[in-house]
1. Taking the criterion of being closer than 19 Å to Glu40 by Cβ, touching a residue at least 40 places away in the same chain (Cβ under 8 Å) and out of contact with any Lys or Arg (no Cβ under 7 Å at 6 or more places or on another chain), would at least one residue in region 231-242 satisfy it?
2. Determine which single condition Tyr149 fails, assuming it passes every other condition in (1) of a type outside the set (A, V, I, L, M, F, W, C); (2) surrounded by 12 or more Cβ atoms within 10 Å (Cβ to Cβ); (3) at pLDDT below 95.
3. Exactly one condition in (1) surrounded by 16 or more Cβ atoms within 10 Å (Cβ to Cβ); (2) of a type in the set (D, E, K, R); (3) modelled with pLDDT under 95; (4) more than 19 Å from the chain's Cα centre (by Cα) is false for Glu236; which is it?
4. Being over 24 Å from Pro200 (Cα atoms) and surrounded by 12 or more Cβ atoms within 10 Å (Cβ to Cβ) is the requirement here; does Val39 meet it?
5. So in region 205-228, with the set limited to residues that are of a type in the set (Gly, Ala, Ser) and closer than 25 Å to Val161 by Cα, which one is surrounded by the most Cβ atoms within 10 Å (Cβ to Cβ)?
6. Might you check whether a residue that is of a type in the set (Phe, Trp, Tyr) and either in contact with a Leu (Cβ under 8 Å, 6 or more places away or on another chain) or loosely packed, with under 10 Cβ neighbours inside 10 Å (or both) occurs anywhere in region 79-93?
7. I'd like the full set of residues that are surrounded by fewer than 20 Cβ atoms within 10 Å (Cβ to Cβ) and either outside the structural domain of Val247 (by TED's automatic domain parsing) or over 15 Å from Ser46 (Cα atoms) (or both), limited to region 193-204.
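The values are calculated or read from the model by the stated rules, or taken from the named source; none is laboratory data. All of these numbers come straight from a predicted model, not from anything done at the bench. As a convention, Cβ positions derive from the backbone with ideal geometry for all residues, glycine included, and neighbour counts pool all protein chains shown.
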Amino acid sequence: MRGKRRIWPRRLVAVGAVAMTALLAGCSREVWEVGFFPVESKGATSHTDAYTALWNGGWIAALLVGLVTWGLILWCVIAFRRKKSDRGLPVQLAYNMPIEILYTVIPIILVVGFFFHNVSALEKTIDDETPGEQVIEVVGKQWAWDFNYVTEDVHYAGVQVNLDGTEQPGYDAPTLYLPADTDIELVMRSRDVIHSFWVPAFLEKRDMIPGRESSIHLRPLKEGTYVGKCAELCGEFHAEMLFNVEVVPENEFIEYTDSLREQGNTGILGPDYDRTEWYQNPYEQEEGAEQ
């Protein structure tokens, strides 16, 4: 029985090591470089590299701390385990000053490092207010998207996607066109309930709250097709609120907006189509009562 008890832990360790090796072997170099984010996010916009660096730095630091901590725990378990010859209680220690200082200084260094790394990433991403050469208004509605190309004074009115069980349910989804290597300002708002604009490859999303506007300033860098979706449960057909993003050369973008103009989609789709009669801003009511 004692022999079997000793064999089982070894078997578990061996199985765990084999399983971990198999899992890690299935990950490509690109997957590791982006920290298991979508592979297409690498270099997709002017913000993705900053997000990836922050994420990778965070989990690498956490992994190192974890390895050191678990290593010390296992070392203590093995080095100071109770031996057959031991009698009574082990030596009782109150504290160890060098260890106490070490465990105080290292967390402070880690927290300060994370703080400045985080601030640096925020300045390059969330706080980016680079004026947009193209201003595009993204309007969420149950359960589709409208895109107002404000600078070009044209619009696109999206229709809800019909999930029919095919492998490409979003093939004919509303499509947002963005010119590559151009500073973009995306202004977002909602026509009815809370939605959320999310393009996984861009590593960014913004909530769209009725009565408020939010924005993203970015520069698309890599041409291609990206999948987007609403990331906020917004009603019965939330799952069908899909859209695509096409990052194209500037001349193709101009051709696309010109085609919208030829179709008669001139001007901007304003708040006339909003369904926010249920929404009342309490702060506006208080200001009106005071006046």
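1. no
2. For Tyr149, the exception is condition (3).
3. Against the list (1) surrounded by 16 or more Cβ atoms within 10 Å (Cβ to Cβ); (2) of a type in the set (D, E, K, R); (3) modelled with pLDDT under 95; (4) more than 19 Å from the chain's Cα centre (by Cα), Glu236 comes up short only on (1).
4. In short, no.
5. Gly228
6. Within region 79-93, not a single residue is of a type in the set (Phe, Trp, Tyr) and either in contact with a Leu (Cβ under 8 Å, 6 or more places away or on another chain) or loosely packed, with under 10 Cβ neighbours inside 10 Å (or both).
7. Across region 193-204, the qualifying residues are Ile194, Trp198.
Results for (1) more than 34 Å from the chain's Cα centre (by Cα); (2) within 30 Å of Val245 (Cα to Cα); (3) at pLDDT 85 or above, shown as yes or no for each residue.
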residue: Ile7; (1), (2), (3): yes, no, no
residue: Trp70; (1), (2), (3): no, no, yes
residue: Val91; (1), (2), (3): yes, no, no
residue: Pro98; (1), (2), (3): yes, no, yes
